[in-house]
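Report on the following structure.
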Amino acid sequence: MRPVLTDEEVTEFRADVCRVAEVLFARHGVDGVTMRQIAAELDCSPTTAYRYFKNKEEILAAVRAAAFNRFCGVIEEATRSSLDPRKSARNVGQAYLNFALENPDAYRMMFDVSQAAVIGNVELTAALARARRSMLAYVAPMIDKGILRGETHALGQMMWASAHGLVMLRLSGVVADDAELRQLHERTMSALVRGTHQLASATPRTSASELISPVPARKAIRKAP
């Protein structure tokens, strides 16, 4: 008869599975990893692994959820780090870059588009929702103080997309080194802050594209004599 495991033992074993699977997924790709390989790394039988997860897809969802929750913990701590919204935002930016650079495999897996369709997992759904809240929480105080001008959700998404794009350029080697990444991030965020004020001050007939790339004035046409 199998011994009855405590909730703590179940949680601990699931965490071990996720830790091992994260490394294997990063090394071999999701399609290149089997439940048997994961079990072998844990020195247990595949049957044991199936007692905790229905299949590899469920493990993948748990790995992504765990990574998102670690990420959220870092971002939330940075958000609380200062009562000054501007300083808090800077700390969030640095925390974001630090997490991605220190955990590149986990970061890639979090945002792996090919696996983004994994749905129906309560744990992953909750982690994704937490990430969205975390990446908006530091934006609202900046709007309240007039540092940013605009709508919280839209600005939060823009700033998140910008940070993510720069990180992926670094992880893919397009951005040469970490110092360049940090410099680009600072310049990008400063440009976004300035842009929100320009857009808010624009006349109703002025479009965002005109602010970014003004259309040159037309040359006067001389009439033939």
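The values are calculated or read from the model by the stated rules, or taken from the named source; none is laboratory data. This one's a predicted model, so the numbers in the text were calculated from it and none came from an experiment. All Cβ positions, even for glycine, are placed from backbone atoms using ideal geometry, and neighbour counts span all protein chains on display.
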Could you say which residue among ARG36, ARG2, ARG14 is modelled with pLDDT of 85 or more, of a type outside the set (Asp, Glu), more than 20 Å from LEU101 (Cα to Cα) and surrounded by fewer than 12 Cβ atoms within 10 Å (Cβ to Cβ)? ARG36
Boolean, GLU8 is of a type in the set (Asp, Glu), surrounded by 14 or more Cβ atoms within 10 Å (Cβ to Cβ) and assigned to a helix (DSSP H, G or I): no
Out of the residues in the range 178-200 that are surrounded by 14 or more Cβ atoms within 10 Å (Cβ to Cβ) and of a type in the set (Ser, Thr, Tyr), state the one that is farthest from the chain's Cα centre (by Cα). THR196
Is it the case that the range 62-74 has a residue that's charged (D, E, K, R) and either assigned by TED's automatic domain parsing to the domain that holds ARG132 or in contact (Cβ under 8 Å) with a residue 40 or more places away in the chain (or both)? yes
With farther than 30 Å from ASP144 by Cβ, surrounded by 15 or more Cβ atoms within 10 Å (Cβ to Cβ) and either touching a helix residue (DSSP H, G or I) at 6+ places or on another chain (Cβ under 6 Å) or of a type in the set (A, V, I, L, M) (or both) as the only criterion, which of ALA89, ALA61 stands out? ALA61
How do the pairs read when you match residues in the range 175-199 that are in contact (Cβ under 8 Å) with a residue 12 or more places away in the chain with residues anywhere that are of a type in the set (Val, Ile, Thr) and surrounded by 12 or more Cβ atoms within 10 Å (Cβ to Cβ), using Cβ under 7 Å and keeping only pairs 6 or more apart or on different chains? LEU181/VAL175; LEU184/VAL175; VAL193/ILE147
Please determine whether any residue of the range 5-20 is over 22 Å from MET168 (Cα atoms) and either in contact with a Gly (Cβ under 7 Å, 6 or more places away or on another chain) or in the same structural domain as THR125 (by TED's automatic domain parsing) (or both). no
Considering only residues that are of a type in the set (Lys, Arg), in a helix (DSSP H, G or I) and surrounded by fewer than 17 Cβ atoms within 10 Å (Cβ to Cβ), which ones fall in the range 116-166? ARG132, ARG133
Within the range 68-76, can one find any residue that is closer than 30 Å to ASP7 by Cα, of a type in the set (Asp, Glu) and surrounded by fewer than 16 Cβ atoms within 10 Å (Cβ to Cβ)? no
Picked from the range 174-207 (must be modelled with pLDDT of 90 or more and of a type in the set (Gly, Ala, Ser)), the residue farthest from SER88 (Cα to Cα) is ALA176
Please go through (1) assigned by TED's automatic domain parsing to the domain that holds TRP160; (2) at pLDDT 90 or above; (3) charged (D, E, K, R) for ASP105 and return the number of the only condition it doesn't satisfy. (2)
